[in-house]
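The values are calculated or read from the model by the stated rules, or taken from the named source; none is laboratory data. Computed from a predicted model, the values in this text were never measured in an experiment. Positions of Cβ are backbone-derived with ideal geometry, glycine not excepted, and every protein chain shown enters the neighbour counts. To get the accessible areas, we keep the full protein, side chains included, count just its heavy atoms, and leave off ligands, DNA and RNA. Shrake-Rupley method; radii C 1.70, N 1.55, O 1.52, S 1.80 Å.
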Amino acid sequence: MSPSSPPSIGGSRVRLHVVPADGHPFEHLFEGDSLVIGRSSSAGLAIADRFLSRQHSRLFRDGGRVLVEDLGSRNGTLLNGEPVVVAREVVSGDVLQLSGSAITVRSEGDSGSSAASTGAALHTLFRSASELLARRSEVPPSPDAVALARYAERLKMLHEVHQALGRPIALTDLLELILDRAFVHLRPERAAIFLTTPQGELIRAASRSAAGPRDELVDSRSLAREVIDKGLAALVLDAQTDSRFADAQSLLGSGVRSLMAAPLLTPEGALGMIALDSRLHVRQFEEDDLELLVGLAAVAAMRIRNVALAEEAAERRRMQEELALARRIQVALLPARMPELPGYELHGGNVPSRGVSGDYYEVVERLDGRECVLFLADVSGKGVAASLLTASLEALAASPIEDGLAADEIFGRLSRQLHHRTPPEKYATAFIAILAPESGRVWWANAGHNPSLVLRAAGGIEQLGPTGPPLGLLPGASFRVVETSLHPGDLLVLYTDGIVEATDPDDGEYGLGRLVSICSAHREERLGELARQLEEDLEAFVRGVPFADDRTIVLLRRLGA
């Protein structure tokens, strides 16, 4: 043994300072040749720690030495922060960590053996924060004047904290107020609050130092894992003796010896942790301090959670207001009323699935009433992003429609412009029909859209399927125009896939067949009533399942002679 090594304690009586995971610290004298440590009452040193094995580890003498060995425990034995794999010698000042319990080894003749002395029990203590909270309000079992005074002071502090944190406050101000309370009641040199982001990252949300803003508490990821992931409160009486802080050399280099940390516990889990540190010559934290910090952290966690919920609610209200405004703007883009075409009846309607719609329709007369254009589009995606593309599509379509271009020319121009202005995943399916009211002739084109329907008064159904790809999907897309005619009593039905792809609780789809059946059953009724009957049938079919997509329909009937 080198001259600088601690002396062997094999020939001395050994005093053990035990800090159990559950209960108050106590002293135990190791005088014999062997001492089994565990939670079993038959162990030579029984410790109240439910995570200990019944026979967890053993101290024994070997000649002039004292050694420790692990007895195959579930959670292992640490000697000064390092796992005990084989029997290792123990000297005065060593710390054994058994689950959440710590044992400091002292020679009986060591002047530092008194548990009450300033430098006693140099160890790291982890305690269950939830258990400390459960015991926080308990009156000491055998109260004396000092214990009662300490208990009253603790209640006073927590009452002050509740009052200080009870008023409405922004999160940044709340974190600063929490640090205020920590400095007033626990007097650290430095303090920091770390919060876990929704992505699982740990960020320093607030910090303070008595030495100035540049002197920040350095975080230890190992400590954070113990405190946040396991819900443990940590009391580090000497960071230099614990290997958990090997990843925080800047913390050790800054002279930190005494440190406390407590999780910010909520019913949903830990939001993060609050940590305090100090150099030993300035302040050494004690177990009473740890209990106060756990109490402060519990109140802080509740307030942080409430502030976060309030901010989320405010953000939802803001989003709802913006969606309502977007919907009002979008409705203004839809036809305020249908054109009055002699000899025809028209109806159009749109129901968004998410406040705003990715569907768009337009019915407009042109060429002094010689033609009427029916235009229906469904852009990719849903919600606000889809509605923005819908507004762009409406603006791009207005000019070629009003200029009297043919159906294939309108689609060709729109497709080129969308492809140039939007990413590849953004496109639109569309259907366009140009009606000559006098003759009933219809020139139509379908850009990858669901087939529109012509229900003939004489019987039979004609499907107007795709004649080209979706708009904006290909740089040089072309579209074929097809001609048909509407005779008296014929009904033209334009719709988006939100209708036919609506699903029931069994994941069955509404389907084209059911749409045809409803339109056929109510074809003689006013078109507004037909649309109402369709919506009622959809609601009955889905049986409460939310609609996944927007629903739009445009109906045109040629009246009888």
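Quick one: grab the alpha carbon gyration tensor of the range 449-561, order the square roots of its eigenvalues as a ≥ b ≥ c, and give me rounded if a/c is under 1.5, else prolate or oblate depending on whether a/b is larger than b/c. Judged from the Cα gyration tensor, the range 449-561 comes out oblate (a/c at least 1.5, b/c at or above a/b). One chain, two ends: A314 and V351. Fully extended at 0.36 nm per residue, the span grows by 10.7 nm beyond their Cα-Cα distance.
With the cut-off at under 19 Å, measuring from each backbone N in the range 37-65 to a point 7 Å along the Cα-to-Cβ line of A87 picks out 37-38, 44-45, 55-65.
Evaluating 6.51 cos²θ - 1.76 cosθ + 1.60 at θ = phi - 60° for every residue in the range 179-184, the Karplus couplings come out as 5, 3, 5, 5, 5, 5 Hz, glycine and proline recorded as x. Computed extension gain for E438 through N306, at 0.36 nm per residue and net of the alpha carbon distance, reaches 40.9 nm. When peptides 393-405, 186-198 are sorted by average Cβ neighbour count within 10 Å, with the highest value leading, the order is 186-198, 393-405.
In this rough spin-label picture, where each label sits 7 Å from Cα along the Cβ direction, the E539-E27 distance is 8.0 nm.
Per residue, the solvent-accessible area of the range 22-112 (1.4 Å probe, heavy atoms of protein chains only, all protein chains present) comes to 45 Å².
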